[in-house]
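Colleague: I have a structure here, written as structure tokens, and I will follow up with some questions on it.
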Amino acid sequence: MKKVVIIGAGLGGLAAGIQLQHEGYHVTIVEKNAHAGGKMMPVKIGDYSFDFGPNTITMPDVFRKVLSNVGESLDDYIEFVRLDHHTKNVFYSGDSFIQSTSPDAVIKQLADLDPTAAQTYWDYLKEVQRLYKQSEHGFFHRTFQSWLDYLSPSLTKAFFSVRPLETMNHFHSRYFKNKEILQVFNRYATYIGSSPYKTPATFSMIGYLEMTEGVFTIKGGNPNLAQAFVEVFKKLGGSLHLEQEVSQVIVRDQTAAGVQLASGMEVPADTVIINGDFITATKQLISEELRPSLPNKKLDSYEPSISAFVILAGLKKYQQDIHHHQVFFPEDYKREFSDIFEKNQLPEDPTVYICHSAYTDRSISKGSNLFILVNAPAVNMKSGEEIDRYKNKIYDRLEKEGIDIRENLEVEKVYTPDSIAHLFHAYKGALYGVSSHKKSDAFLRPRNKSKDIKALYYVGGTTHPGGGSPMVTLSGLNVAKKIIFNDKA
Ligand SMILES: Cc1cc2nc3c(=O)[nH]c(=O)nc-3n(C[C@H](O)[C@H](O)[C@H](O)COP(=O)(O)OP(=O)(O)OC[C@H]3O[C@@H](n4cnc5c(N)ncnc54)[C@H](O)[C@@H]3O)c2cc1C
């Protein structure tokens, strides 16, 4: 029986582990943290429960596929709840706009806020559907090796059909004339940790997923998805070791031969998969002379995707006016991205996103369980004063919107970009691996199979097909398929 070791129990690692274990491999997953699921992390503080990590779940069929491939049904383990009127957006002007899977509900609001968009909304939906279908067909299920892959006639056609040369902001400006409504659709760039003013319009396809297929939450908390994966992985006979950090990938004759743990113990394997962050893990676990195609200089040149300043706030008094997903936009959206990507500083006037899962299911937590997130670059916030100052800036902003956090606060926990980096070994605290600003990083992400070391593979947000929970799950499935195919060849 061939042995596989997977470094990290994120969604990508678990998805790969389930497929390979089912296919007859003996899979061991080694995870440094005390929970499985990686960034999909449950946090309990007193009687308050929070979901850290993916709050917005799209593409449930991708997650279902992980289990249906092995003869199980994900719906026997968890319940997806579709949020039809999913996100309330509040603008600087005081206007608001609720995103919905009902085009009628959207057009009714646009008629007041953006009459041109009320006319063009169906055209927008048609175009983002086309972008999604083309991308799904051409890119989601492949592991790319080089630009040469794009030279096949079908892929060249697919590549140029997904608007790779136009920015998201430019594309959206053709449909939405109201500056504030434009902010709502441009915010999709942040779902891949990037700026709408630099990201290719291709990623506007996220609008198709949200505005037609819908946004989902998982009953009892999103981390139940990772728990379902763990249950099936173990049921198939896989081994999961928590609180065990890998310190080195063992390489013999330029071939991965297992891993060494921080405790000094060795776990031999025929194949090693790295699910930990591509850049951090490569630098930390493989010595530079073994990877001529990935010297540290090259790894350091990647631009990380957005990180975050996150506050988990448990409020005694239930806040019935805060939707499951609620966004407060600043006046100048462009400035936020220039603060993050050009000035490398916390945004002066940030967009404040709140996930309030108790809005949909009050039994999930005491009071109101607010996950408050502000986009941030990779900054080091070493002093408590600096952290408190920024936190209070966010609370002041929310107070202006009628949400008095300080008055009702019972429990609170803050995560900064450096604490996120430390917690998940994420490159500069990036939530989604590398950004998608350069064409090369958007369409030719680092390869899933090592060029330098045989039997070494990568899954996760920095590799193909990209960041975000459905994409990393697909990367796990794609890599498992590739390993099985290579071994059979
Ligand atoms: C605050 C936040 C909000 C987000 N919001 C959304 C959202 O709304 N929607 C969405 O789709 N996505 C969202 N994401 C992104 C999403 O969570 C990630 O894309 C996805 O979960 C990443 O999965 P992964 O398998 O690539 O890796 P990870 O989840 O990063 O898992 C990798 C695992 O490897 C472990 N590891 C690393 N190094 C080692 C080592 N040396 N030894 C042992 N273990 C190691 C880490 O501890 C980690 O558990 C969000 C992320 C964050 C942090």
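Colleague: Decide, for region 170-257, between rounded, prolate and oblate: order the square roots of the alpha carbon gyration tensor eigenvalues as a ≥ b ≥ c, take rounded if a/c falls under 1.5, and otherwise choose prolate if a/b is larger than b/c, else oblate.
Modeller: oblate
Colleague: At q = 0.10 Å⁻¹, what is the log10 ratio I(q)/I(0) for region 1-141, with the Debye formula run over Cα points and no solvent?
Modeller: -0.57
Colleague: Straight-line reach from residue 3: which lysines have Cα under 16 Å away, leaving out those fewer than 8 places along the same chain?
Modeller: 234, 454, 481, 482, 488
Colleague: Right, next: Return the subset of 334/400; 44/88; 44/219 for which the Cα-Cα distance in this structure is over 24 Å, preserving the input order.
Modeller: 44/88
Colleague: At 222 nm, what helix-only mean residue ellipticity would the chain give, in deg cm²/dmol to the nearest 500, using -39500 (n - 2.57) for each DSSP H run of four or more?
Modeller: Per the formula, -9500 deg cm²/dmol.
Colleague: Given the Cα-Cα distance of residue 454 and residue 212 and 0.36 nm per residue of separation, how much length would full extension add, in nm?
Modeller: Taking 0.36 nm per residue and subtracting the Cα distance, the gain is 82.9 nm.
Colleague: Another question, then. Tell me the trypsin sites (Lys or Arg not before Pro) within region 356-414 that lie in a loop according to DSSP and have at most 16 other beta-carbon atoms within 10 Å.
Modeller: Sites meeting the loop and neighbour criteria: 382.
Colleague: Check each of the GluC sites (Glu not before Pro) in region 340-389 and keep only those in coil by DSSP with at most 12 other C-beta atoms within 10 angstrom; list them in order.
Modeller: Sparse-neighbourhood loop GluC sites (Glu not before Pro): 348.
Colleague: Additional query: Ignoring ligands, DNA and RNA, what percent of the 1.4 Å accessible area of the chain is carbon and sulfur?
Modeller: 49
Colleague: Then there's this: Please report the Cα spread of the chain along all three principal axes, rounded to whole Å, starting with the longest.
Modeller: Projected onto its principal axes, the Cα set of the chain covers 65, 55, 46 Å.
Colleague: I'd like to know how region 426-489 sits against the 2.2 N^0.38 Å rule of thumb: what's its Cα Rg over that expected value?
Modeller: The reported ratio for this selection is 1.15.
Colleague: For region 231-333, which GluC sites (Glu not before Pro) are in a loop by DSSP, counting at most 12 other Cβ atoms within 10 Å?
Modeller: 243, 331
Colleague: Label points 7 Å out from Cα along the Cβ direction at residue 34 and residue 3: separation in nm?
Modeller: 2.9
Colleague: Per Stokes-Einstein, at 10 °C and 1.306 mPa s, what whole-number D in µm² s⁻¹ belongs to region 342-489, with the Kirkwood radius over Cα pairs as the hydrodynamic radius?
Modeller: After rounding, the answer is 86 µm²/s.
Colleague: What angle do you read, to the nearest 10 degrees and between 0 and 90, between the alpha-carbon axis of helix 469-488 and the longest principal axis of the chain?
Modeller: It works out to around 20 degrees.
Colleague: Something else about it: What number, in percent, do you get for the relative contact order of the chain if the mean sequence gap of Cα pairs under 8 Å and at least 6 apart is divided by its residue count?
Modeller: This gives 24 percent for the chain.
Colleague: Here is a follow-up. How large is the accessible surface per residue of the chain, computed with a 1.4 Å probe and reported in Å² as a whole number?
Modeller: Solvent-accessible surface per residue comes out at 40 Å².
Colleague: Right, here's the next one. Quote to one decimal, in nm, the extra length available between residue 486 and residue 82 on full extension: 0.36 nm per residue of separation minus the C-alpha distance between them.
Modeller: Extra length from residue 486 to residue 82 when fully extended: 141.6 nm.
Colleague: Could you state the number of Å between the C-alpha centres of region 230-300 and region 83-111?
Modeller: Here the answer is 45 Å between Cα centres.
Colleague: Please name whichever of 308, 375, 364 sits farthest to the positive end of the charge dipole of region 292-381, dipole taken about the Cα centre and charges placed at Cβ: Lys and Arg +1, Asp and Glu -1.
Modeller: The residue sitting farthest along the positive end of the dipole is 364.
Colleague: Same structure again: Under a plain spin-label model, where a point goes 7 Å from the Cα along Cα-to-Cβ, how far apart in nm are residue 177 and residue 389?
Modeller: Taking the two extended label points, one gets 4.3 nm.
Colleague: If you don't mind, another one. Once the Cα atoms of helix 115-135 and of the chain are each reduced to a long axis, what angle between those two axes, in degrees from 0 to 90 to the nearest 10, is obtained?
Modeller: 0
Colleague: Still on this structure, please answer the following. Rounded to whole Hz and in sequence order, give me ³J(HN,Hα) for region 344-361 from the Karplus expression 6.51 cos²θ - 1.76 cosθ + 1.60, θ = phi - 60°, writing x for Gly and Pro.
Modeller: Result, rounded to whole Hz: 6, 10, 4, x, 4, 10, x, 6, 10, 9, 10, 9, 10, 5, 5, 5, 8, 9.
Colleague: Would you please calculate the Kirkwood hydrodynamic radius of region 364-424 over all C-alpha pairs and express it in Å, rounded to one decimal?
Modeller: Evaluated on region 364-424, it is 13.1 Å.
Colleague: At residue 331 and residue 382, where each label point lies 7 Å from the Cα along Cα→Cβ, what is the point-to-point distance in nanometres?
Modeller: Each label point is offset 7 Å from its Cα along the Cβ direction, giving 3.5 nm.
Colleague: Quick one: length gained pulling residue 316 to residue 136 fully straight, 0.36 nm per residue minus the C-alpha distance?
Modeller: Contour length minus the Cα-Cα distance gives 60.4 nm.
Colleague: Whose amide H sits under 5 Å from the amide H of residue 258, counting only residues 5 or more places off or on another chain, with H placed in the peptide plane?
Modeller: Here 250, 269 satisfy the definition.
The values are calculated or read from the model by the stated rules, or taken from the named source; none is laboratory data. A quick note: this is a predicted structure, and the numbers were derived from the prediction, not measured. Positions of Cβ are generated from backbone atoms using ideal geometry, with glycine treated the same way; all protein chains shown enter the neighbour counts. What goes into the accessible areas is simple: the full protein's heavy atoms, side chains included, and nothing from ligands, DNA or RNA. Shrake-Rupley method; radii C 1.70, N 1.55, O 1.52, S 1.80 Å.
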